[in-house]
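Worksheet: the structure to be examined is printed underneath.
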Amino acid sequence: MDMSPYRDLFVSESREHLSAFAELIVRLEDSPGDSASIDEIFRHAHSLKGMAATMGYEQIVTIAHLMESQLTRIRSGEFMLLPTLADLLLEGGDVLARLISGIESGSDTFEDTTALTERLAAFDPSVEAPPPPRTNQPDVTAVIPSETSDSAPHQFRQADSFKSIRIKTETLDHLVNITGELITNRYRLAESIRLANASECREPLHQLTMLLRNLRDEVFKARMLPFAFIAERFPRLVRDLARKQGKEVLFQLDGKEIELDRGILEEIAEPIVHILRNAVDHGLESADERVMAGKPFGGTIILTVSRDKDHVEVVIADDGRGMDSERLKLKAIEKGLISSEQAAQMPPQEAYQLVCAPGFSTAAAVTDISGRGVGMDAVREAVHKLAGVLTIQSQSGQGSRFVMRLPITVSIINALIVQCGPFEIAFPLNVVTRTLELKRSEILEEPGRSTVILEDVSVPVRSLRQVLNLPSVSVVEDALLSVIVCDVGGIPVAFSVDRISGQKEIFVRPLRSPLSSLRGVSGATVAGDGRVLFVVDVSILV
Amino acid sequence: MNRTVMIVDDSLFIRKILRGILVENGYIVAAEAGSGIEAMRNLHSNHPDVILLDIILPDSNGLDLLESIISACPNSKVVVCSSIGQPLVIRKTLDLGAKAFIQKPFTPEKVAEVLKSLED
């Protein structure tokens, strides 16, 4: 029988088994007596073995069989899941994942697994082996993303095969694009109807609007995946990093059932890995240091996902050494990123965001100072590309919190449209906290700095004309100034604009070269009358 | 002749392979189920002639499920298809009323042969 038609299914289902397998091993290490977990781990290894045997992949059968034998010994109570065996089983899982990737890519050369099979066969619980050298292998973070990133389809495990089908993610992307174009065209149609004063068209237009809204909702629903889709590998990642550093870390993951657009999930997976890595490597102190500081021996990292109306918040909090805002400022002055005057005026919560400034740090330089900063500029950029906001909070000695506020969907966003000189500009609504009209007299003019007091907080006011290098206009003394207040990494910033023209649902298109190099612009959209609106990246304007 | 078959297995991969073998041998796959609950739900609407049943399912004890299926659908012939090879378990399934046992991993020939042997 020709088995090739079943190969893709074998690959995707094997991966599910492997990722569940690794996740459960890590969990079992935390609660070693959990017999249900052992049974479950055994079942995954066993199913994989059976599937591989059906396909005739002997190498996989052999490894899975040896892993199963060791699990049988644990199951029978011969010994507990020792860290050395956990290492070996996880390594086995990684090797199997690579073999399966090899099968997927159709390559017929497979890596030599004799060393692994020998070690699996000869495992002796009484011999305490050092952790295996992982340096010469592909990093865990480098291996596993290949499963989640490219075009791994959503798995409909155990789903009724008549009720669900697999769709290429490409098709879903096309559907979003078409829906976006439809929304843009609806605005054009509405504009023409208004100009022609064609009142008989109003009712069908209204119907069209409703249908478009439904279509948009359904298309987005189809693209949603639970956060667990990328989070499954995090416990394992934290465990491996902690073990490499000789630290003990309790990792907690809350809200993994919350759904996000798969495009967003794809973009934030690596930034989250980055933050977790920083937290384990630099944020958490060594056990000795912790005990000296009167903290529990092991550190804690909590990743929480929560939903709030149109947004999802991903928070990564650790109870490590935290950051020292004064030292961060000194470092920033040293690097020429800010002046001493700016530093003196900078509140601590603003200083923490400095770690995201490009060129702020290289790993070695910052580890002993702040414990942070490695590549955080890339993290911030990734979050901003998604029209999200990254906020860093910290307390020296108590730990740090990294908060990503993200839209649930990409491409189609709600935006506030403002007028400034000849331009119409769209501000993503999720960064706008309020709009208001101010009298000139309410703005406190200090040299080089204008502020307004809003609810007892002094908020800097920037003129959007100035930011965009447009000539300023003379304003009548009594005229009210339109101002929008934005949340930039947890800090309020107000922009004065010529006019606020309203709120609109827009389909954001990424800019291509050479426009993509425009500073402060994250995309563009076409308005109802055919004009191009730029979407701003507020964080860059500040 | 046994024409219609229901496949119960939590692995989509195994279900598709079994479906391929069955269709090639002239059977009609009346339903597929990925869990015990789904199996019971499909049973009443389909009344398949033959049920290919994996007894390791995430949501049910396989032997209990086997009993429930046989009492709910006494006219269907149940073939247990599993990787559990202990003679004791195999005996138990046959005692409970299964008509045959297919050991996983199976070959297409084995599946065809077992199904043929069920013909009256």
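Checking each residue in region B:84-109 for being within 11 Å of another protein chain (Cβ to nearest Cβ) and more than 17 Å from B:Leu57 (Cα to Cα) picks out B:Phe106, B:Thr107, B:Pro108, B:Glu109.
Table: residues versus (1) modelled with pLDDT under 50; (2) open to solvent by 50 Å² or more (accessible area, probe 1.4 Å); (3) among the basic types (Lys, Arg).
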| site | (1), (2), (3) |
| --- | --- |
| A:Ala97 | no, no, no |
| A:Asp108 | no, yes, no |
| A:Glu111 | no, yes, no |
| A:Thr114 | no, yes, no |
| A:Val127 | no, yes, no |
| A:Pro132 | yes, no, no |
| A:Thr135 | yes, yes, no |
| A:Ser151 | yes, yes, no |
| A:His154 | yes, yes, no |
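When A:Phe123 is tested against (1) open to solvent by less than 40 Å² (accessible area, probe 1.4 Å); (2) closer than 21 Å to A:Tyr6 by Cα; (3) among the aromatic types (Phe, Trp, Tyr), exactly one condition is not met: (2).
Within region B:1-26, the set of residues being surrounded by 21 or more Cβ atoms within 10 Å (Cβ to Cβ) and more than 9 Å from every other protein chain (Cβ to nearest Cβ) comprises B:Val5, B:Met6, B:Ile7, B:Val8, B:Asp9, B:Leu18, B:Leu22. Would you check if A:Phe10 is more than 10 Å from chain B (Cβ to nearest Cβ), closer than 21 Å to B:Asp10 by Cβ, assigned to a helix (DSSP H, G or I) and open to solvent by less than 10 Å² (accessible area, probe 1.4 Å)? No, not satisfied.
Among residues of region A:195-209 that are open to solvent by less than 100 Å² (accessible area, probe 1.4 Å), those with a Cβ under 9 angstrom from a residue that is modelled with pLDDT under 90 and among the charged types (D, E, K, R), sequence gap 6+ or separate chain, pair up as A:Leu205/A:Arg186; A:Leu208/A:Arg186; A:Thr209/A:Arg186.
Taking the criterion of being hydrophobic (A, V, I, L, M, F, W, C) and either modelled with pLDDT of 85 or more or surrounded by fewer than 16 Cβ atoms within 10 Å (Cβ to Cβ) (or both), the residues of region A:170-190 that qualify are A:Leu175, A:Ile178, A:Leu182, A:Leu189, A:Ala190. For region A:61-79, filtered to residues that are within 24 Å of A:Tyr6 (Cα to Cα) and away from every other protein chain (no Cβ under 12 Å), the residue that is surrounded by the most Cβ atoms within 10 Å (Cβ to Cβ) is A:Ile63. Against the definition (within 28 Å of A:Ala86 (Cα to Cα), surrounded by fewer than 17 Cβ atoms within 10 Å (Cβ to Cβ) and at pLDDT below 90), how does A:Gln245 come out, yes or no? For A:Gln245, the condition - within 28 Å of A:Ala86 (Cα to Cα), surrounded by fewer than 17 Cβ atoms within 10 Å (Cβ to Cβ) and at pLDDT below 90 - is met. Among the residues that make up region A:293-306, is at least one of them within 22 Å of the chain's Cα centre (by Cα), farther than 16 Å from A:Pro235 by Cα and of a type outside the set (Val, Ile, Thr)? The answer is yes; a qualifying residue exists. Does region A:429-439 contain any residue that is in contact (Cβ under 8 Å) with a residue 40 or more places away in the chain, over 29 Å from A:Val532 (Cβ atoms) and open to solvent by less than 90 Å² (accessible area, probe 1.4 Å)? Taking every residue of region A:429-439 in turn, at least one turns out to be in contact (Cβ under 8 Å) with a residue 40 or more places away in the chain, over 29 Å from A:Val532 (Cβ atoms) and open to solvent by less than 90 Å² (accessible area, probe 1.4 Å).
When A:Gly102, A:Gly56, A:Gly106 are screened for being within 17 Å of A:Tyr6 (Cα to Cα), among the small types (Gly, Ala, Ser) and in contact with a Phe, Trp or Tyr (Cβ under 7 Å, 6 or more places away or on another chain), only A:Gly102 passes. For region A:186-201, which residues satisfy the criterion of being hydroxyl-bearing (Ser, Thr, Tyr), under 23 Å from A:Leu215 (Cβ atoms) and out of contact with any Gly (no Cβ under 6 Å at 6 or more places or on another chain)? Selection gives A:Ser192 alone. Look at region B:58-74: where a residue is within 14 Å of chain A (Cβ to nearest Cβ) and a partner is open to solvent by 40 Å² or more (accessible area, probe 1.4 Å), sitting 6+ places away or on another chain with Cβ atoms under 7 Å, you get B:Asp59/B:Ile37; B:Gly62/B:Ile56. Can you pull out every residue in region A:226-242 that is of a type in the set (A, V, I, L, M), within 19 Å of A:Asp261 (Cβ to Cβ) and open to solvent by less than 10 Å² (accessible area, probe 1.4 Å)? Those that are of a type in the set (A, V, I, L, M), within 19 Å of A:Asp261 (Cβ to Cβ) and open to solvent by less than 10 Å² (accessible area, probe 1.4 Å): A:Ile230, A:Ala231. When we screen A:Leu48, A:Leu24, A:Leu18, A:Leu82 for residues that are away from every other protein chain (no Cβ under 14 Å) and of a type in the set (A, V, I, L, M, F, W, C), the only hit is A:Leu82.
Within region B:41-98, can you find the residues that are under 22 Å from B:Ile17 (Cα atoms), among the hydroxyl-bearing types (Ser, Thr, Tyr) and open to solvent by 40 Å² or more (accessible area, probe 1.4 Å)? Scanning region B:41-98 gives no hits. Annotation note: Cβ proximity below 9 Å between a residue of region A:495-510 that is within 27 Å of A:Ser474 (Cα to Cα) and a residue that is basic (Lys, Arg) and in a strand (DSSP E or B) (sequence gap 6+ or interchain) occurs for A:Phe495/A:Arg462; A:Ser496/A:Arg462.
The values are calculated or read from the model by the stated rules, or taken from the named source; none is laboratory data. Predicted model, so just to flag it, every value in this text is computed and none were measured. Cβ sites come from the backbone with ideal geometry, for glycine too, and all protein chains shown count toward neighbours. Accessible surface is based on the protein model in full, side chains and every heavy atom, while ligands, DNA and RNA are left aside. Shrake-Rupley method; radii C 1.70, N 1.55, O 1.52, S 1.80 Å.
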